[in-house]
Amino acid sequence: MADEPNAPVEGAPASKGPPAKPAQPAVPPNLAGKTTSAAVAPRRPPARKKKVVDDTSPLLSRRSWLGLAWGSFTAASAGALAATGRFMFPNVLNEPPQQFKIGFPDEYAPGVDERWKDRFGIWVVRTPSDIVQEAGGFYALISVCTHLGCTPNWLSAELKFKCPCHGSGFRPTGVNFEGPAPRPLERARIVLADDGQILVDKARKFQFELGQWADPESFLRV
Amino acid sequence: MADTKIVAPKEGALERSWNWLTETQVWKSVFRHNAPITDRNRVLVVLSNVFLHLHPVRLRKSGVRLRYTWCMGGLSFFLFLSLTFTGVLLMFYYRPTLEYAYTDIVGLREHVPLGIMREMHRWGAHAMVVTVWLHMFRVFMTGSYKPPREFNWNIGVIMLVLTLLLSFTGYLLPWDQLAIWAITVGSNMARATPFMGSEGPGSALLMLGDVRLIHAADDARFALLGGTFVGEGALLRFYVLHCVGLPLAIAVLMAVHFWRVRKDGGISGPV
Ligand code: FES
């Protein structure tokens, strides 16, 4: 009490002056009949100050608890965000396989074969003499335009691949010669499987401009 | 003194029922203030209505001058509302699957009464892109991006991007050749995202041993398409983004945008 000598104490008679009034304090006339906390609530003595009660936890101070709480909340939020991101990447994809067998070499006539374009996105080309390998055989062209990724069409009358999006043109070898495409079509790995069928693997790509068409797996000699 | 309402003896039936109606609890709970014919009542009416209070009670004269504002912000908002409405209507018929998407779009024109609803959505979307650009242009030319409005300008830039993304995602949904290849071309750009795109700068640096961490099946473009090409996953993801994700985001930003306009002193005046 020492710090607030004038604070009234409930129930205790005042030390001087007139005798103690009834417990109900006087109500100012303008507030008569109204419910206001100011008018009605008796003033309580200030709580006796014990030594900072909140901070005497044997484990952690109040501040540390708060830090811990915010820290774990932040960590949980970050975890939830990461989980949300991971959610967008499924473990299994319903997409055509990257590696597939396309039958035996003698099933193909010379020229561009379109039978696997829709299903696997490749043209199988049989050529008597390749521009890089200088031998007869097969290569698999990936049917994705090297400009911005549309699927070109094979125009058998004009002997070229023509992209409908911005007009890029490619020779049967895959080399670009018109339109905005900056580089030739890519070739996929093509080898003979154990059973004698041709095996194409789109996961392995060969780019002409990097000299990769000389790779033995980019071309199947027969 | 509750019963001192003076009722003229010669009241007609119409007047009597009107008086009765306006005294009912229902009426009084809906129309809480008298008719807005005085300044005071206008303010009371406007401020106690959630929709009306969105609009300020007072405006600068320049704020309603068409030659100054072009009304492009308002038109953009109006178009957004009408796109939301027609879009929800389209959702009653459209199924975002490879099997049905295209035929449902054709069906919307051929089999559904008022097939014009889809055209309204489509043309409204084009119009919104135009009005948003013009709004930005007006705001730029009148210098309204300057402090204290620079924060709101940035909100606007984000909303411009969201508008374009809404347009982009909606473009795929008809699932015709134009749509598929436009999204193919557009989403291929995401391959070039720094670090997060399989062909982007820096992504080759992210290696674990000699395995690339960022490749075609886990890069930014994949997250967008839900696959390595524009297929079933892309259609569904774009549908969800178009109908739920992006509209929610832009609606929240609109609320912030309109609120800031008022906090920053209303529509900017001529300098
Ligand atoms: S994507 Fe083929 S020309 Fe542009």
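The values are calculated or read from the model by the stated rules, or taken from the named source; none is laboratory data. Since the structure is predicted, the reported quantities are computational estimates derived from the model, not experimental observations. For neighbour counting, all protein chains shown are included, and Cβ atoms are generated from backbone atoms with ideal geometry for every residue, glycine included.
A:G196 passes every criterion in (1) in a loop (DSSP other than H, G, I, E, B); (2) within 36 Å of the chain's Cα centre (by Cα) apart from (2). Of all residue pairs spaced 6 or more apart or on separate chains, those with beta-carbon atoms under 8 Å, a first member in region A:145-161 that is among the basic types (K, R) and a second member that is within 11 Å of the ligand (Cβ to nearest atom) are A:K160/A:G169; A:K160/A:F170.
Taking the criterion of being outside any helix (DSSP H, G or I) and closer than 25 Å to B:V261 by Cα, would at least one residue in region B:68-82 satisfy it? So that I can check it myself, show each step before the final result.
At the first step, the residues of region B:68-82 found to be outside any helix (DSSP H, G or I) are B:70-71.
Of the ones still in play, those that are also closer than 25 Å to B:V261 by Cα are B:70-71.
There is at least one residue in region B:68-82 that is outside any helix (DSSP H, G or I) and closer than 25 Å to B:V261 by Cα.
In region A:146-163, the qualifying residues are those that are more than 14 Å from chain B (Cβ to nearest Cβ) and over 16 Å from A:P180 (Cβ atoms), and the one that is surrounded by the most Cβ atoms within 10 Å (Cβ to Cβ) is A:W154. For region B:197-223, a residue qualifies if it is within 14 Å of chain A (Cβ to nearest Cβ) and buried (at least 19 other Cβ atoms within 10 Å of the Cβ), and the qualifying residues are B:G197, B:S198, B:I214, B:D219, B:A220, B:R221, B:F222.
For region B:224-238, a tally of residues being at the interface with another protein chain (Cβ under 10 Å from one of its Cβ atoms) and not basic (K, R) returns 9.
Only one of the numbered conditions (1) crowded, with 17+ Cβ neighbours inside 10 Å; (2) small (G, A, S); (3) touching a Pro at 6+ places or on another chain (Cβ under 9 Å) is not met by A:A140, and that is (3). Scanning region B:162-196 for residues that are surrounded by fewer than 17 Cβ atoms within 10 Å (Cβ to Cβ), more than 27 Å from the chain's Cα centre (by Cα) and either within 13 Å of chain A (Cβ to nearest Cβ) or touching a residue at least 12 places away in the same chain (Cβ under 8 Å) (or both) returns B:Q177, B:A192, B:F195.
Regarding region A:63-82, can at least one residue be identified that is in contact (Cβ under 8 Å) with a residue 40 or more places away in the chain, within 14 Å of another protein chain (Cβ to nearest Cβ) and either under 24 Å from A:R221 (Cα atoms) or under 38 Å from the mean Cα position of the chain (by Cα) (or both)? No, because not a single residue in region A:63-82 is in contact (Cβ under 8 Å) with a residue 40 or more places away in the chain, within 14 Å of another protein chain (Cβ to nearest Cβ) and either under 24 Å from A:R221 (Cα atoms) or under 38 Å from the mean Cα position of the chain (by Cα) (or both). Note on region A:108-148: among residues that are among the hydroxyl-bearing types (S, T, Y) and within 16 Å of the ligand (Cβ to nearest atom), the one that is nearest to A:K202 (Cα to Cα) is A:S143.
Within the option set B:L83, B:L79, B:L66, being in the same structural domain as B:L160 (by TED's automatic domain parsing) and without any contact (Cβ under 8 Å) to a residue 40 or more places away in the chain holds for one residue only, B:L66. Conditions first: (1) in a strand (DSSP E or B); (2) closer than 28 Å to A:P97 by Cβ; (3) without any contact (Cβ under 8 Å) to a residue 24 or more places away in the chain. A:C165 passes all but one, so which condition is the exception? Going through the list (1) in a strand (DSSP E or B); (2) closer than 28 Å to A:P97 by Cβ; (3) without any contact (Cβ under 8 Å) to a residue 24 or more places away in the chain, A:C165 breaks only (1). Checked against (1) surrounded by 12 or more Cβ atoms within 10 Å (Cβ to Cβ); (2) assigned to a helix (DSSP H, G or I), B:Y145 passes all but condition (2). Regarding A:F177, is this residue more than 13 Å from chain B (Cβ to nearest Cβ), in contact with a Gly (Cβ under 8 Å, 6 or more places away or on another chain), part of a strand (DSSP E or B) and more than 10 Å from the ligand (Cβ to nearest atom)? So A:F177 passes the test.
Exactly one residue out of A:P184, A:P164 is at pLDDT below 95 and touching a strand residue (DSSP E or B) at 6+ places or on another chain (Cβ under 7 Å): that is A:P164. Would a scan of region A:185-203 turn up a residue that is within 13 Å of the ligand (Cβ to nearest atom) and either over 30 Å from B:A179 (Cβ atoms) or in contact with a Gly (Cβ under 9 Å, 6 or more places away or on another chain) (or both)? Checked region A:185-203: at least one residue is within 13 Å of the ligand (Cβ to nearest atom) and either over 30 Å from B:A179 (Cβ atoms) or in contact with a Gly (Cβ under 9 Å, 6 or more places away or on another chain) (or both). Restrict the check to region B:169-179 and report whether at least one residue is over 24 Å from B:G74 (Cβ atoms), polar (S, T, N, Q) and within 16 Å of the ligand (Cβ to nearest atom). For region B:169-179, residues over 24 Å from B:G74 (Cβ atoms), polar (S, T, N, Q) and within 16 Å of the ligand (Cβ to nearest atom): present. Against the list (1) exposed (fewer than 14 other Cβ atoms within 10 Å of the Cβ); (2) at positive phi, the condition B:G226 fails is (1).
Selection of region A:149-174 for residues being touching a helix residue (DSSP H, G or I) at 6+ places or on another chain (Cβ under 8 Å), near the ligand (Cβ under 8 Å from one of its atoms) and at positive phi yields only A:G149. When the residues of region A:81-126 are filtered to those that are among the aromatic types (F, W, Y) and in a strand (DSSP E or B), the one that is surrounded by the fewest Cβ atoms within 10 Å (Cβ to Cβ) is A:F100.
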